[in-house]
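What follows is calculated from the coordinates using simple rules that are stated; it is not laboratory data. For clarity, every value in this text was computed on a predicted model and none was experimentally measured. Cβ coordinates were reconstructed from backbone atoms using ideal geometry, including for glycine residues, and neighbour counts include every protein chain displayed.
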Amino acid sequence: MAQAKRVDIADIIENQTNWWFSTSTVVLCCLVLFADGFDNQAINYTSAAIIRDWDVDRVLFTPVFWSNVLGWMVGSLTFSMIADQIGRRNATIFATLLFGGFTYAIAYATNLWELSILRFFSSVGVGGAMPMAIALISDYTPAKRRGLMITVLFLGYTVGSSGGGFLAAELILTSGWESIFQVGGIVGLVVACILVFTLPESVRYLLVQGAPQEKIHAYVKRMQPGIEIAPDTEFFIKETKKQKGVPLSYLFRDGRAWMTIFLWFALGFSFVTHFFIANWLPIFLSDFMPLDQVNRIKAMFQFGAAFGIVFGYLIDRYGVPVVTWTKLIGAIPVAFMGYFMVQDLGFLVMMLSALAAGIFVLGGTIGLNAISGMIYPTFIRSTGSGAAFAVARIGALAGPGFGGLLIYLETPIVWVFVLGAIPMILSGLAAYGLSRTVDVLHERKPPHTEHESEPALAPQHAPART
């Protein structure tokens with residue numbers, strides 16, 4: 001029997017039968033985040049070696065970390081807004097080419113000024129690729145598995161970011177710090193070439209943009225190969241393209257203002273601790289142990305992000321409160337890291353403490369990243385996710401600056417990490433506010449306008465409140 005003449009594309013997405021199409025899309029986005037994670041963390045794994053090689057004061061490395069975060073902020077916001085105009089696919093490919101090319105060029109920097117400039121432009125691509133991949137997966141994944149799939153997506157980032165540390169532990173000693181950027185750049189460029197021939201465009205985006213129905217039919221057949229589609233069948237989505245206004249302003253309309261603000265604060269405070277540890281941990285550790293052990297410990301911190309898949313599953317079942325508890329509990333292992341260093345408890349203890357901190361700091365942040373791609377309707381999903389990333393980078397800027405200030409003030413290492421744990425508590429409190437506002441927004445259940453669709457984080461995904 002032929003398909004009905006008007007069909008909601010959401011029904012097709014929710015009932016996909018071609019597992020290869022959905023799986024391959026996730027794998028391709030994982031490849032993007034694999035290269036993204038490797039290139040993003042390369043500067044952290046090589047910082048101690050560069051400082052020794054160039055014989056510079058470690059405090060002077062703060063602007064390099066800032067250029068990294070600034071580039072990420074610019075990329076997150078710019079690419080997300082561009083993607084709502086040119087599509088998720090094209091924006092993802094462009095971002096991957098950008099960070100691949102400039103990461104490779106960093107290998108030939110000769111001073112901190114050149115390093116900062118090249119790092120800025122590579123980070124524009126790094127920051128742009130991540131929200132694009134999240135938006136694309138959100139558009140193709142059934143609602144009941146969306147949080148889980150977004151956190152699965154971050155496994156690619158985890159493999160790249162943690163694997164880079166284990167590779168750096170070997171390569172820096174034999175081939176120099178430059179080799180890390182050469183490898184990362186080549187990987188990024190290869191992934192971009194693969195995407196050109198394989199990455200699909202979001203079918204939701206195509207419908208919002210008014211793409212020809214023939215093109216929509218082709219994507220439908222890829223999702224459900226056995227479906228019969230009459231020539232006059234029209235697929236639709238319960239929203240239309242916005243013609244007026246600034247896209248960013250829609251994040252604050254229809255009751256979304258406080259939800260957006262709490263999301264930004266939760267991510268922002270989380271990133272203070274995240275980037276404080278990511279940027280300065282290798283440099284602090286280099287005072288206590290050899291560089292190869294330093295990079296392995298840092299790699300274990302990054303590997304903790306792999307547990308984000310557990311948080312994704314829990315978010316699908318219990319909603320935002322999962323992130324609230326993750327952030328509050330995560331302050332504990334962070335606070336003890338400095339104590340373990342000065343007590344010289346050994347390589348194994350530091351590996352385990354770094355892993356524990358990574359599970360809650362990075363895993364919880366991945367949960368917030370997933371939520372940012374779930375609470376907004378399709379027409380502003382890229383903008384909502386990208387804006388959250390960009391604004392939260394204010395916290396990421398504060399992290400390196402915070403560490404540099406504590407070094408300048410000669411703060412005891414134990415107190416450095418105790419102070420570094422406080423933003424985790426503030427992030428947990430903001431996540432609690434986000435949970436409450438999401439519940440209130442769901443309870444209102446306003447009728448959808450012609451521009452809106454149901455957010456991916458549906459009411460049943462959060463536990464009932466009494």
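Points worth noting:
- Here 13, 277 are placed in order of increasing Cβ neighbour count within 10 Å, fewest first, which gives 13, 277.
- Mean residue ellipticity at 222 nm, helices only, the chain: -25500 deg cm²/dmol; runs of at least 4 DSSP H residues each add -39,500 (n - 2.57), and the sum is divided by the number of residues.
- Each peptide in 283-295, 152-164 gets a packing score, the mean of other Cβ atoms within 10 Å over its residues, and the list from highest to lowest is 152-164, 283-295.
- Degrees between helix 308-318 axis and first principal axis of the chain (Cα, 0 to 90, nearest 10): 40
- Out of every Cα-Cα pair that the chain contains, those further apart than 31 angstrom amount to 39 percent.
- Other residues lying with their Cβ under 9 Å from the Cβ of residue 99 contribute a combined charge of -2, Lys and Arg counting +1, Asp and Glu -1.
- For residue 260, net neighbour charge (Lys/Arg +1, Asp/Glu -1) across residues whose Cβ lies under 12 Å away: +1
- Rounded to 10°, Cα long-axis angle of helix 178-198 versus longest principal axis of the chain: 10
- Among 40-51, 77-88, the order from most to least packed when residues are scored by Cβ within 10 Å on average: 40-51, 77-88
- Proximity of backbone amide H atoms, modeled 1.01 Å from N, is registered between residue 229 and 3 at under 5 Å, excluding neighbours fewer than 5 places apart on the same chain.
- Sorting the segments 338-346, 391-399 by their mean number of nearby beta carbons within 10 angstrom, highest to lowest, gives 391-399, 338-346.
- Total charge dipole magnitude, the chain, about the Cα centre, Cβ charges on Lys, Arg, Asp, Glu only, Debye to nearest 20: 1020
- Unsatisfied cross-links (Cα-Cα over 24 Å) in the set 144/298; 238/327; 215/238; 5/144: 144/298; 238/327; 5/144
- Here the 3J(HN,Hα) profile of segment 419-435, calculated from phi with Karplus coefficients 6.51, -1.76 and 1.60 at θ = phi - 60°, is 5, x, 7, 4, x, 5, 5, 5, 5, x, 5, 5, 5, 5, x, 4, 4 Hz, Gly and Pro shown as x.
- Separation of segment 166-189 and segment 356-435, taken as the distance between their Cα centroids, equals 28 angstrom.
- Folded to 0 to 90 degrees: helix 213-223 orientation relative to the chain principal axis, Cα: 60
- For residue 7, nonlocal amide neighbours, meaning residues 5 or more places apart or on other chains whose placed amide H falls under 5 Å from its own, are 234, 235, 236.
- Fully extending the segment from residue 56 to residue 5 would add 11.5 nm, taking 0.36 nm per residue of separation and subtracting the current Cα-Cα distance.
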